[in-house]
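Below is one structure, written out as structure tokens, with a few remarks after it.
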Amino acid sequence: MNTQTGLTDNIAVTLQKNVPGRQKLIRTSDITQALGFIFLALCILVALFFLGSIIYFITSRGIAVISWDFLTEVPRRAMTKGGVAPAIVGTFYLTMGAIAFALPLGLASAIYLCEYSPGSVVVNIIRLSINNLAGVPSVVFGLFGFAIFVKILGFGVSILSGSLTLGIMALPGIISASQEAILAVPQSFREASLALGATHWQTIKKVVLPTALPGILTGVILNVGRVAGETAPILFTAATFYTRGYPDSIFSEVMALPYHIYALMTEGTHPEVQTQIAYGCSLILLALVLAISACAIILRQRQRIRYGS
């Protein structure tokens, strides 16, 4: 009886495979899948082409002015000689200050919204406001920082004002990325931790955050690039056109690579020399962003290996 049943099933399968309409359907789906893969590959190649073109364009025009003196000296002779060391230091201070302000605040906000907040209309409005805040133009953040930090709080044009302004600008992106990373942690992880007697906070600290850390660092990496390359916010809050020295406190004005590039391309009486220096500054800014991002990527990979995520 079992032999007869198996023979019948084999005959049915064979008939189904030999149906012309079914074979045509299989061929159509295979072709559609192949076309989809080809389209995705072309999209990746186009993106890589433009990325490589930008890197090649900046490198080919900026590498000629890169030297040890250019990296370590202060500008001289109306910024046509010397180096851009104060601008490099200022960009690093502003970027690190912004991330140091935005990361703890953004992570704490994401933890509250994902783990503690009730599912109310107010919370949904807060989430919507955070998403909308990410689309606000950077010049608006600059005006806000100028009004609040420079004028009302009296910090003046300084590293502190610029870092806080850039931190607020990066805050929506870090909150959104942290929320997505925390929500991606399986609920069974939380239930297992609670079942073993851990408190809610211990579960968040020992289970949820380590598992979500790679996703959180991805958001930080994306925002490092945005913060380091912004000109409009620091134009009103932190940047100065020229200084021969380095900042000695958080209340000091500072040169920054984005604003220095802007100044070289729009002001001055030696456009040929200044254009070359501007490309050199662009190459340094790109390398600085890549270096900071590389540190975050290495930490992210270590966390993924450690927790298997």
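Out of segment 183-201, which residues are free of Cβ contacts under 8 Å to residues at least 24 places away in the same chain and of a type in the set (A, V, I, L, M, F, W, C)? Correct list: Phe189, Ala192, Leu194, Ala195, Leu196, Ala198, Trp201. May I ask you to verify whether Asn124 is surrounded by 10 or more Cβ atoms within 10 Å (Cβ to Cβ) and under 30 Å from Pro258 (Cα atoms)? No: the conditions fail for Asn124.
Pull up segment 56-80, narrow it to residues that are exposed (fewer than 14 other Cβ atoms within 10 Å of the Cβ) and not in a helix (DSSP H, G or I), then point me to the one that is modelled with the lowest pLDDT. Looking at the filtered set, the residue picked out is Ala78. The residue that is nearest to the chain's Cα centre (by Cα), counting only those in segment 255-309 that are at pLDDT 85 or above and assigned to a loop (DSSP other than H, G, I, E, B), is Ala256.
Do we have Ser163 as more than 29 Å from Ile297 (Cβ to Cβ), at pLDDT 90 or above and crowded, with 18+ Cβ neighbours inside 10 Å here? No.
Here Phe39, Phe92 are screened, and the one residue that is among the aromatic types (Phe, Trp, Tyr) and without any contact (Cβ under 8 Å) to a residue 60 or more places away in the chain is Phe39. Please tell me if Leu235 is surrounded by fewer than 24 Cβ atoms within 10 Å (Cβ to Cβ) and closer than 24 Å to Glu267 by Cβ. Yes.
The values are calculated or read from the model by the stated rules, or taken from the named source; none is laboratory data. These numbers were taken from a predicted model, which means no experiment stands behind them. Please note: Cβ atoms are built from the backbone with ideal geometry, for glycine as well, and neighbour counts cover all protein chains shown.
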